[in-house]
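Notes follow once the structure below has been shown.
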Amino acid sequence: MTRRPRGLRPDERDLWQRVAATAKALHPERPKPTETGLHAPAKPKTRFAEFQIGSAAHPHPERRDHPSGPEDMLAQPLRIDRRLHQRLMRGKTDPEARIDLHGMTLAEAHPELIRFVLSSHAAGRRLLLVITGKGKAGPDSGPIPQRIGVLRHQVPHWLNQPPLGTAVLQVTQAHIRHGGAGAYYVYLRRSRQG
């Protein structure tokens, strides 16, 4: 059982009036409570228009927190010569070295890729071909779906992160002649040999 407020006695009300008269309002624009409204909750005055959830929201383009595929990772500004890029996209330029990561696990492929790229950079090579394969669907027995082509998705990330990011200038998908969606051209920065 809840108690009702007992209200103020006349001597308490008189004391309250004297204390309230000496107080300075922090927010003078707010209405002062009336004597009858001391214990009753005041009804809020609505200063806002009618509101509906989502009415003020602006439409946003589709948002992605992480790249969904290698295409998102490769969508970067062109850092190599435009003519060279056009020749690459037409399959007219042959890579100076290639590595086939096809069939390797992530744990096997990552150190091999690092060794290959850094040794090629030290040797002064500029254009490499990294073959990942397109991936194939394996047995999916769990509740979490398995990504097809794990290497194909992971290699662009590795090429843009240390220690390879400092040596790599541009990563693009290879021409069909060199493997298409299952391979990448990796264009390296000039090595500083002195």
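Readers should treat all values here as calculations from the given coordinates under stated rules, not as data from a laboratory. Being a predicted model, the structure only gives us computed values, none of them experimental. All Cβ positions, even for glycine, are placed from backbone atoms using ideal geometry, and neighbour counts span all protein chains on display.
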Taking the residues in the range 106-117 that are under 12 Å from residue 155 (Cβ atoms) and not hydrophobic (A, V, I, L, M, F, W, C) as candidates, determine which candidate is surrounded by the most Cβ atoms within 10 Å (Cβ to Cβ). 110
Residue 103, sole failed condition from (1) surrounded by 12 or more Cβ atoms within 10 Å (Cβ to Cβ); (2) on the phi > 0 side of the Ramachandran plot; (3) over 25 Å from the mean Cα position of the chain (by Cα): (1)
On the given criteria, is residue 165 at positive phi and not in a helix (DSSP H, G or I)? no
Considering only residues that are touching a residue at least 40 places away in the same chain (Cβ under 8 Å) and aliphatic (A, V, I, L, M), which ones fall in the range 141-180? 150, 151, 155, 159, 164, 167, 168, 169, 171, 174, 176
